[in-house]
Amino acid sequence: MLTRRLTRLILAGLALCCPWLGQARDFEFLYVDANEGQASGGHSAIKFADAVFHFQHVEPGLLRLFRSDFSAFRFAYGYQENRTIAGHRITVDEAVFDSLHDAFKRRLLLQNQQFAWLKALQDDYRLLSDLNQPAQKHVALKALGYFVEDYRLGQEKPVQTGQSLELAALKRNILAEYGDNFLQQKRQRVLAQLIALKPSASDTAPAIDEDRFGPDGYSFAQHYKNQLLNLAALDILEWSLSPRAGTLLTTPIAELRLHEPAIIALTGFKQTLAMDLLKLIQSEREDWGYPLLVGMARLHALQQSIDSGQWVILDRFVNDPHDDRTVRIDADTLPSMRQYASNNLIRASEALATTNTLAERDYNDLEIKAGIAVKMANAGNEQTLLLPPIDETPSLEAHADLVALPLSGNELESHQRSSDTRFVAYKAQLQSMYAYQLLRRNCVTEIFRVIHASLDKNFALPSASGPVESTAQISKRLLGGYIDAEALTVIPFAAFDRVGSQYRVQNSYRLPSYRELAIEHRYQTEADMLVDLSESNVMTSSIYRGNKNDAAFLFFTQDAVWPRPLLGTVNLSVALGQTLYGLLALPWDSGQNLQQSLKGIVVSVPELFFFNIRKGSFPRLLPTDASRDGVIGTSQAQSLAGKN
């Protein structure tokens, strides 16, 4: 750590004295314009190359850092939320660029670990509660669902599931390599490790440090689930089960058939996977059961693909109809979206001809593309398709009955109380450290906090009088200026203006919103006046369609400044009308219309004073729609379709 810091100090000093020695890099400060709802105050983000980091308010009242690819970020904010994005490019030395980029990556990893520990502590409490009252209690084990719906330790082989020749061959190879008693002995060891598990008796929660990673390792619930999943994986292998019906996806359509080069590549990957599983079964890592289950399911699916000449892949779609990431694809959009997905898979399949060795991450990408293409290919042309999100890794769950531990009821109750104390204390630490505060801790203040902390840690030089430089001095030297979290700076558009006037900005840009781009595309083929008239209101617009995210309104006011108060008055009247309807509908709509109308009033009032917030949104917008409307090109739509 000392060597790394000393190196950066030297680089910073050289850059200060001899600026030609340092290679210049640009990072970007982004401002996303306001829209109604939670977007009414605008949004700030910081961009390094194609990676965008931004803080978001999440429940329950916390501020979390997220990372997005810039093309996906722009599609979500600029197109679906219909908000303009402005950016300042700030030129800095490469060492400064790397330091700032590393600081945001580190903050993201830290927060991810901390929130993962919060969930782990909550899982500990739930598991201990269930173990204390085990009647008909179970835990969900990921990837086990590809083979069984429910699992109980010691159960007989399921009779409704056939035998997999690939798993039977894997079992023979394991016994030939490690001995006839290997699997039996391994099962005994895993069971003994499960029974020997003991929860922590400590009431103390792990301490949270904003700049230091917490302890590695598994929580009690994670240990328990890992060992139970290991036992289940050994049983699946012992039984040589085929994946159960409905857990593999395939389609008979001719255009998605596998050609000989692709089959050869998949055959090579299957052989490599079988060898990897042979080594994995002897692994010392505790969580080997999950990759073993995924690998066994893939072995079977790969052989099915090779034999049939069609893609047969694991179903990785999230089985939750209420998941808010589900995408609705209307019947009129489905054919074009289906063609995009098919073309993506066809190109990926053709690329296998030039692949010497297919890596697991490459197959993972193919599995995702094939899943989307198959799901769309199997959907009827006349129906609306609800496309669920895809798990990052195959995770289809099954319920497993709890295995009792040799702990008395009093011991379990004591551990349960300790677990609850740890969870509450840890949650309180998170809420204290990451609590969202409108004016003191928001998407703007946290960006500058990370920037200033990185500069202080890596680039502070002794001043002439002896003391180390202040944050302001370092920032002025390396960034061209210093921005403090003053009252107005915490507002995203004010912070953007300050960055433009204070930092060493190379250039600035503005990226139009989806509606602006779609109108510009109409101007190319239609008279400007006719376009302006038709797109001035929601009744005649060919671009905007009302949706449940937007409060009721009639006129778009961001296009017209001087008529804005008049148009805003009409919009306010519409909102008041929705209020009256909301009061009448209160008994059956749970206040949804009333809530929307109040939001409509809030965003209509500023229009009376020449200020615009509401711009309409396009939450159901798909890359194919944007391509059809001329907003983005075909290749960009294909790329976004793969990322969304």
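The values are calculated or read from the model by the stated rules, or taken from the named source; none is laboratory data. For clarity, every value in this text was computed on a predicted model and none was experimentally measured. Heads up, the Cβs are rebuilt from the backbone with ideal geometry, glycines too, and the neighbour counts pull from every protein chain shown.
Answer yes if at least one residue in segment 344-351 is in the same structural domain as Tyr224 (by TED's automatic domain parsing), surrounded by 15 or more Cβ atoms within 10 Å (Cβ to Cβ), within 23 Å of Gly162 (Cα to Cα) and hydroxyl-bearing (Ser, Thr, Tyr), and no otherwise.
Narrowing segment 344-351 to residues in the same structural domain as Tyr224 (by TED's automatic domain parsing): 344-351.
If we keep only those that are surrounded by 15 or more Cβ atoms within 10 Å (Cβ to Cβ) as well, we get 344-346, 348-349.
Filter again for within 23 Å of Gly162 (Cα to Cα), leaving none.
Scanning segment 344-351 turns up no residue that is in the same structural domain as Tyr224 (by TED's automatic domain parsing), surrounded by 15 or more Cβ atoms within 10 Å (Cβ to Cβ), within 23 Å of Gly162 (Cα to Cα) and hydroxyl-bearing (Ser, Thr, Tyr).
For segment 555-603: of the residues being of a type in the set (D, E, K, R) and surrounded by 17 or more Cβ atoms within 10 Å (Cβ to Cβ), which is nearest to Ile519 (Cα to Cα)? Please lay out each step first, then the result.
Our first condition is that a residue be of a type in the set (D, E, K, R); within segment 555-603, this holds for 559, 564, 589, 599.
Restricting the remaining residues to those that are surrounded by 17 or more Cβ atoms within 10 Å (Cβ to Cβ) gives 559, 564, 599.
Numbers: Asp559: 11, Arg564: 19, Lys599: 26 Å.
Out of the qualifying residues, it is Asp559.
Return a yes/no flag: does segment 287-300 have any residue that is in contact (Cβ under 8 Å) with a residue 12 or more places away in the chain, of a type in the set (Val, Ile, Thr) and in a helix (DSSP H, G or I).
yes
Can you name every residue in segment 184-203 that is more than 14 Å from Ser283 (Cβ to Cβ) and either in contact with a strand residue (DSSP E or B) (Cβ under 7 Å, 6 or more places away or on another chain) or in contact (Cβ under 8 Å) with a residue 40 or more places away in the chain (or both)?
Of everything in segment 184-203, those that are more than 14 Å from Ser283 (Cβ to Cβ) and either in contact with a strand residue (DSSP E or B) (Cβ under 7 Å, 6 or more places away or on another chain) or in contact (Cβ under 8 Å) with a residue 40 or more places away in the chain (or both) turn out to be Arg187, Leu191, Leu194, Ile195, Leu197, Lys198, Pro199, Ser200, Ala201, Ser202, Asp203.
Report every pair of residues separated by at least 6 positions or lying on different chains whose Cβ atoms are under 6 Å apart, first residue within segment 525-545 and surrounded by 15 or more Cβ atoms within 10 Å (Cβ to Cβ), second among the acidic types (Asp, Glu) and in a loop (DSSP other than H, G, I, E, B).
Between residues of segment 525-545 that are surrounded by 15 or more Cβ atoms within 10 Å (Cβ to Cβ) and residues that are among the acidic types (Asp, Glu) and in a loop (DSSP other than H, G, I, E, B), the close pairs are Ser541/Glu535.
List the helices (runs of 4 or more DSSP H) inside segment 475-587, counting only whole elements, that have at least 2 residues being within 30 Å of Val450 (Cα to Cα).
Details: elements: 492-502, 514-523, 528-534.
Where helices (runs of 4 or more DSSP H) fall fully within segment 475-587 and carry at least 2 residues being within 30 Å of Val450 (Cα to Cα), they are 492-502.
Return the pair list, or none, for Cβ contacts closer than 8 Å from residues in segment 64-76 that are of a type in the set (Lys, Arg) to residues that are surrounded by fewer than 19 Cβ atoms within 10 Å (Cβ to Cβ), at least 6 apart or on different chains.
So the pair list comes out as Arg64/Gln56; Arg64/Val58; Arg64/Phe115; Arg67/Ala51; Arg67/Lys105; Arg67/Leu108; Arg74/Leu511.
Please work out which residue is farthest from Asp550 (Cα to Cα), limiting yourself to segment 599-635 and to residues that are at pLDDT below 85, in a helix (DSSP H, G or I) and not charged (D, E, K, R).
Restricting to residues being at pLDDT below 85, in a helix (DSSP H, G or I) and not charged (D, E, K, R), the top hit is Ser635.
Within segment 440-468, track down each residue that is in a loop (DSSP other than H, G, I, E, B), without any contact (Cβ under 8 Å) to a residue 60 or more places away in the chain and closer than 24 Å to Val52 by Cβ.
Passing the criteria: only Arg440.
Residues that are aromatic (Phe, Trp, Tyr) and surrounded by 14 or more Cβ atoms within 10 Å (Cβ to Cβ): which helices (runs of 4 or more DSSP H) entirely in segment 143-260 hold 2 or more of them?
Details: elements: 165-178, 182-195, 220-239.
Hits in segment 143-260: 220-239.
Would you confirm, using the coordinates I've provided, whether Asn356 is over 30 Å from Asn230 (Cβ atoms), of a type in the set (S, T, N, Q) and touching a Gly at 6+ places or on another chain (Cβ under 8 Å)? Before you say what the answer is, go through the steps one by one.
Numbers: over 30 Å from Asn230 (Cβ atoms): yes; of a type in the set (S, T, N, Q): yes; touching a Gly at 6+ places or on another chain (Cβ under 8 Å): no.
In short, no.
Which condition number does Leu586 fail, the rest of (1) in contact with an Asp or Glu (Cβ under 8 Å, 6 or more places away or on another chain); (2) at pLDDT below 90; (3) over 21 Å from Glu81 (Cβ atoms) being met?
Going through the list (1) in contact with an Asp or Glu (Cβ under 8 Å, 6 or more places away or on another chain); (2) at pLDDT below 90; (3) over 21 Å from Glu81 (Cβ atoms), Leu586 breaks only (1).
Tell me, please, whether a residue that is farther than 18 Å from Gln155 by Cα and among the acidic types (Asp, Glu) can be found in segment 190-209.
Yes - at least one qualifying residue is present in segment 190-209.
Restricting attention to segment 498-523, and to residues there that are without any contact (Cβ under 8 Å) to a residue 24 or more places away in the chain and within 30 Å of Ser536 (Cα to Cα), which single residue is nearest to the chain's Cα centre (by Cα)? Before the answer, list the steps.
Restricting attention to segment 498-523, the residues satisfying the condition of being without any contact (Cβ under 8 Å) to a residue 24 or more places away in the chain are 498, 501-502, 520, 522-523.
Going one step further and asking which of them are within 30 Å of Ser536 (Cα to Cα), we end up with 520, 522-523.
Working: Glu520: 32, Arg522: 34, Tyr523: 37 Å.
Of everything passing the filter in segment 498-523, Glu520 is nearest to the chain's Cα centre (by Cα).
When both residues are 6+ apart or on different chains and their Cβ atoms are under 8 Å apart, which pairs have a first residue that lies in segment 390-405 and is within 26 Å of Ile368 (Cβ to Cβ), and a second that is in a loop (DSSP other than H, G, I, E, B) and β-branched (Val, Ile, Thr)?
Listed pairs, sorted by first residue: Ile390/Val318; Asp391/Val318; Leu396/Thr247; Ala398/Val148.
I'm told Thr393 meets every condition in (1) within 30 Å of Leu273 (Cβ to Cβ); (2) surrounded by 15 or more Cβ atoms within 10 Å (Cβ to Cβ); (3) not aromatic (Phe, Trp, Tyr) except one. Can you identify the failing condition by its number?
Just one mismatch for Thr393, condition (2).
Of the residues that make up segment 402-416, is at least one in a helix (DSSP H, G or I) and within 25 Å of the chain's Cα centre (by Cα)?
Taking segment 402-416 and keeping what is in a helix (DSSP H, G or I), we get 409-416.
Subsequent filtering for residues that are within 25 Å of the chain's Cα centre (by Cα) retains none.
No: segment 402-416 contains no residue that is in a helix (DSSP H, G or I) and within 25 Å of the chain's Cα centre (by Cα).
Report, by residue number, each residue of segment 31-65 that is at negative phi and not in a strand (DSSP E or B).
The initial filter retains those residues of segment 31-65 that are at negative phi, namely 31-36, 38-41, 43-48, 50-60, 62-65.
Scanning segment 31-65 gives Asp33, Ala34, Asn35, Glu36, Gln38, Ala39, Ser40, Gly41, Asp50, Glu59, Pro60.
Which numbered condition trips up Met337, out of (1) hydrophobic (A, V, I, L, M, F, W, C); (2) modelled with pLDDT of 85 or more; (3) assigned by TED's automatic domain parsing to the domain that holds Tyr290?
Every listed condition holds for Met337 apart from (2).
Just need a number here: residues in segment 244-275 that are within 30 Å of Lys157 (Cα to Cα) and not aliphatic (A, V, I, L, M).
10
Is it the case, given these coordinates, that Ala95 is modelled with pLDDT under 95, part of a strand (DSSP E or B), of a type in the set (Gly, Ala, Ser) and in contact with a helix residue (DSSP H, G or I) (Cβ under 9 Å, 6 or more places away or on another chain)? Steps first, please.
Working: modelled with pLDDT under 95: yes; part of a strand (DSSP E or B): no; of a type in the set (Gly, Ala, Ser): yes; in contact with a helix residue (DSSP H, G or I) (Cβ under 9 Å, 6 or more places away or on another chain): yes.
It is false that Ala95 is modelled with pLDDT under 95, part of a strand (DSSP E or B), of a type in the set (Gly, Ala, Ser) and in contact with a helix residue (DSSP H, G or I) (Cβ under 9 Å, 6 or more places away or on another chain).
Quick one: which of Leu358, Leu366 is in a helix (DSSP H, G or I) and either not acidic (Asp, Glu) or not assigned by TED's automatic domain parsing to the domain that holds Thr272 (or both)? Walk me through it before giving the result.
Values: Leu358 fails: in a helix (DSSP H, G or I).
The match here is Leu366.
Hey, among Tyr509, Tyr482, Tyr514, Tyr503, which residue is surrounded by fewer than 13 Cβ atoms within 10 Å (Cβ to Cβ), among the aromatic types (Phe, Trp, Tyr) and under 22 Å from Lys47 (Cα atoms)?
Details: Tyr482 fails: surrounded by fewer than 13 Cβ atoms within 10 Å (Cβ to Cβ); Tyr514 fails: surrounded by fewer than 13 Cβ atoms within 10 Å (Cβ to Cβ); Tyr503 fails: surrounded by fewer than 13 Cβ atoms within 10 Å (Cβ to Cβ).
It is Tyr509.
When the residues of segment 98-142 are narrowed to those that are of a type in the set (Gly, Ala, Ser) and either in a helix (DSSP H, G or I) or at pLDDT 95 or above (or both), which ends up surrounded by the fewest Cβ atoms within 10 Å (Cβ to Cβ)?
Keep residues of segment 98-142 that are of a type in the set (Gly, Ala, Ser), which gives 99, 103, 116, 120, 129, 135, 140.
Checking which are either in a helix (DSSP H, G or I) or at pLDDT 95 or above (or both) leaves us with 99, 103, 116, 120, 129.
Numbers: Ser99: 21, Ala103: 20, Ala116: 13, Ala120: 18, Ser129: 15.
Per the stated criteria, the residue is Ala116.
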